Amino acid sequence: MSADMLYLTLAALAFAIALNLKLTLAVLRSARRAAHPATPLQPGERLPDIDGTTLAGHARVRLAEPGQARALLFLSSRCPKCRDKVPAIGALAGAAREAGLALWIVSDEPRWRLRSLLRGTALAAHTARIGAHDYRLLNPTMASPAYLFVGHDGAIEAAGLIGDQHWRALERQLAGDAIEERAA
């Protein structure tokens, strides 16, 4: 057997082993998810006490900070709808801050993917990275683009997909607050 043929055989074997490992890990992840059924947080439930780090500055942030109303947004860099929503969310961020609403994009994705998703916006300052386990507590169905609205008392007020009736009501409210702010 020639050296070239030996190297080709070893390369094919290494590829087969890597593919097998990848598929085995995917099956294990799937089995682990099936063992813990996805039960989304419901209105009235308390937001779990979860900490994250900001994408801009790596500061610690507590997502269930009492006394602060917040909108937790779940976007995925692999979701075309999410990419389409980013500019509108960027436009809402300032109005949300003025209205006293903490707007956080919450993700377990790597920093480089989040930066790619948010490129051209100031939303990095409104993005918190959390661990995969905590992310599944907040968004067990892995829905995106999705949200959780949390009241001042830390209770879930609404949950759904960005663009539904509750989301549109928030957009209208923030647009109205921004108009009043400019008039004052």
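The values are calculated or read from the model by the stated rules, or taken from the named source; none is laboratory data. Keep in mind that this is a model prediction, so the values were computed, not measured. Here Cβ is always computed from backbone atoms with ideal geometry, including for glycine, and neighbour counts include all displayed protein chains. All accessible areas refer to the heavy atoms of the entire protein, side chains included, with ligands and DNA or RNA removed. Shrake-Rupley method; radii C 1.70, N 1.55, O 1.52, S 1.80 Å.
Among the residues of region 126-142, those identified as open to solvent by less than 60 Å² (accessible area, probe 1.4 Å) and assigned to a helix (DSSP H, G or I) are His126, Ala132, Asp134, Tyr135, Leu138.
Count of region 93-109 residues, restricted to those that are over 21 Å from Arg129 (Cβ atoms), assigned to a helix (DSSP H, G or I) and open to solvent by 30 Å² or more (accessible area, probe 1.4 Å), is 2. In region 143-157, the residue that is nearest to Ala71 (Cα to Cα) out of those that are more than 11 Å from the chain's Cα centre (by Cα) and assigned to a strand (DSSP E or B) is Phe149.
Here Leu117 fits the description: farther than 16 Å from Tyr147 by Cα, touching a residue at least 12 places away in the same chain (Cβ under 8 Å) and aliphatic (A, V, I, L, M). Is it the case, given these coordinates, that Leu117 is in the same structural domain as Ala96 (by the TED database), touching a Ser or Thr at 6+ places or on another chain (Cβ under 6 Å) and open to solvent by less than 40 Å² (accessible area, probe 1.4 Å)? The answer is yes for Leu117.
In this entry, Asp4 passes the filter for residues that are of a type in the set (Asp, Glu) and at pLDDT below 90. Of the residues making up region 143-174, those that are open to solvent by 50 Å² or more (accessible area, probe 1.4 Å) and either modelled with pLDDT under 90 or within 13 Å of Leu101 (Cβ to Cβ) (or both) number 4.
Pairs meeting the criteria (first residue in region 1-21 and among the β-branched types (Val, Ile, Thr), second residue open to solvent by 70 Å² or more (accessible area, probe 1.4 Å), beta carbons under 9 Å, at least 6 apart or on different chains) are Thr9/Met1.
Which ones in region 54-75 are over 18 Å from Phe149 (Cβ atoms) and open to solvent by less than 30 Å² (accessible area, probe 1.4 Å)?
Thr54, Leu55
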